[in-house]
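Derivation of every value follows stated rules applied to the coordinates shown; laboratory data play no part. Predicted model only: the values in this text are computed from it and were never measured. In this analysis, Cβ positions are derived from the backbone assuming ideal geometry, glycine residues included, and neighbour counts consider all displayed protein chains.
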Amino acid sequence: MAKVGIIMGSTSDLPVMQEAIDILKGFDIEIEVDIVSAHRTPEKLFDYGKNAHKRGINVVIAGAGGAAHLPGMVASLSPLPVIGVPVKSRNSIDGWDSVLSILQMPGGVPVATVALDGAKNAGILAAQIIGSSDKCVLDKILVYKEGLKQKVIEGAKKVSE
């Protein structure tokens, strides 16, 4: 079974990252959640980045605020796709420092980047990556997207009444 690693720089990121946890659980995708600080636990970061694929992780979602080096550093060490979630933290410059730190990666070290505090979309993107080779997950994504469509149709009906 596919597995997504969800890491964040500190416990203060958990309320944002919980949305990725919840959406992936909704798709019945196994997850591994951990705190890995690029600045306070660099040895753990290196171990995680170099070995996540050996533990069966297929995609990494990394959330970080402030300087937000976690997603990029993991991407530099890992052969896995990494999705970065910029987190608006208390020491952030309105979140822009986090967005730009994750978005502006050098050539050769890609990090897919979602919106500020966009962990839900990170979870959906991870599921879509897995769904590209797992029909069971793909079918769940199709049902989810149909549900989104139906909500819009129902909302349009209420507005036009």
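A few points about this structure:
- Given R0 = 35 Å, the distance between the Cβ atoms of Leu142 and Arg55 translates into a calculated FRET efficiency of 0.75.
- All C-alpha to C-alpha distances of the stretch 3-160, sorted into 10 Å bins beginning at zero, yield P(r) values of 12, 40, 31, 13, 3, 0 percent in whole numbers.
- Between the residues Val33, Leu138, Gly118, the greatest Cα displacement towards the positive end of the dipole of the chain, with unit charges on the Cβ of Lys, Arg, Asp and Glu, is found for Leu138.
- Within a Gaussian network of the chain (alpha carbon springs, distance under 10 Å), most fluctuating of Pro42, Pro79, Pro106: Pro106
- Of all the options Ser132, Ser92, Ser76, the one that moves most in a Gaussian network model of the chain with Cα springs shorter than 10 angstrom is Ser132.
- Low-density loop cleavage sites - chymotrypsin sites (Phe, Trp or Tyr not before Pro) in the stretch 1-92, where at most 10 other Cβ are within 10 Å (DSSP): none
- Estimated at 0.36 nm per residue, the fully extended path between Asp22 and Asp47 surpasses their Cα-Cα distance by 6.4 nm.
- Among Val152, Val85, Val111, sorting on how many other beta-carbon atoms sit within 10 Å of each Cβ, with the fewest leading, yields Val152, Val111, Val85.
- Net charge dipole size for the chain [Lys, Arg +1 and Asp, Glu -1 on Cβ; Debye, nearest 20]: 160
- When Lys25, Lys140 are arranged by Cβ crowding within 10 Å, least crowded first, meaning fewest neighbours, the order is Lys25, Lys140.
- Rg and Dmax, both from the Cα atoms of the stretch 70-152 and both in Å, are 14.9, 42.
- Sorted by Cβ density within 10 Å, fewest first, the residues Ile21, Ile61: Ile21, Ile61
- Max mean-square fluctuation residue, GNM over the chain, Cα-Cα springs under 10 Å, options Lys135, Lys149, Lys120: Lys149
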